[in-house]
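Colleague: Pasting in a structure now, in structure tokens, and then I'll have a few things to ask.
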């Protein structure tokens with residue numbers, strides 16, 4: 001692949017295999033978050049599977065379409081769909097055992113966000129995209145699935161909550177890209193990026209950390225109120 005220079009073909013193949021495994025794990029985690037939202041909405045098993053699958057593959061589908069990767073990953077490898085279906089159905093039976101489905105949703109979403117921030121960035125690196133595009137793909141892969149999930153469930157997306165969300169994905173993706181620039185071995189750079197993204201999001205959840213909001217000047221609006 002264009003972005004993994006300095007590696008032998010065997011090393012590139014092994015690396016892409018590892019990325020695929022982590023990507024599958026991220027899909028499973030996000031599918032569970034979709035199913036947890038379905039549980040909060042008291043949907044039937046079909047609703048669980050639909051919302052879980054859309055959440056699990058949404059971000060990666062956006063990534064592959066933008067990067068021009070054909071076919072889209074879950075068409076080339078249907079095991080992604082089976083993973084979403086299985087995770088959703090397991091959640092249908094297991095969700096009632098949780099003390100707080102919302103807390104589980106927040107923390108699993110944080111793990112999925114951190115995983116997808118790195119695998120999305122790696123996929124962009126693999127096709128030789130510029131660094132800024134790689135970071136953007138990491139952020140979009142991490143955010144789009146959850147955004148679709150929340151909109152389809154009729155709730156305010158976590159992306160639009162005050163607590164830091166997309167910024168965590170940016171931090172993780174940038175950390176990974178800096179590790180590549182410093183020629184840190186690929187697995188360690190990926191782990192560092194994941195840890196940073198998860199730590200930032202975890203701090204936002206635990207302590208309510210947020211970015212500064214825009215404050216409108218104290219004067220009448222010069223257009224219609226929204």
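The values are calculated or read from the model by the stated rules, or taken from the named source; none is laboratory data. These numbers were taken from a predicted model, which means no experiment stands behind them. With ideal geometry, Cβ positions are generated from the backbone for all residues, glycine too; neighbour counts draw on all protein chains shown.
Residue-by-condition table, conditions (1) free of Cβ contacts under 8 Å to residues at least 40 places away in the same chain; (2) part of a helix (DSSP H, G or I); (3) touching a strand residue (DSSP E or B) at 6+ places or on another chain (Cβ under 8 Å):
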| site | (1), (2), (3) |
| --- | --- |
| 50 | yes, yes, no |
| 54 | no, yes, no |
| 99 | yes, no, no |
| 105 | no, yes, no |
| 108 | no, yes, no |
| 115 | no, yes, no |
| 132 | yes, yes, no |
| 142 | no, yes, no |
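Colleague: While we're looking at this one, here's another question. Just a yes or no: is a residue in region 17-32 over 18 Å from the mean Cα position of the chain (by Cα), more than 28 Å from residue 103 (Cα to Cα) and surrounded by fewer than 24 Cβ atoms within 10 Å (Cβ to Cβ)?
Modeller: Among the residues of region 17-32, at least one is over 18 Å from the mean Cα position of the chain (by Cα), more than 28 Å from residue 103 (Cα to Cα) and surrounded by fewer than 24 Cβ atoms within 10 Å (Cβ to Cβ), which makes the answer yes.
Colleague: Of all residues in region 192-207 being surrounded by fewer than 16 Cβ atoms within 10 Å (Cβ to Cβ) and under 20 Å from the mean Cα position of the chain (by Cα), which is farthest from residue 160 (Cα to Cα)?
Modeller: By that ranking, first place goes to 195.
Colleague: Can you tell me which of (1) modelled with pLDDT under 95; (2) buried (at least 16 other Cβ atoms within 10 Å of the Cβ); (3) within 19 Å of the chain's Cα centre (by Cα); (4) farther than 30 Å from residue 183 by Cα is the one residue 95 doesn't meet?
Modeller: (3)
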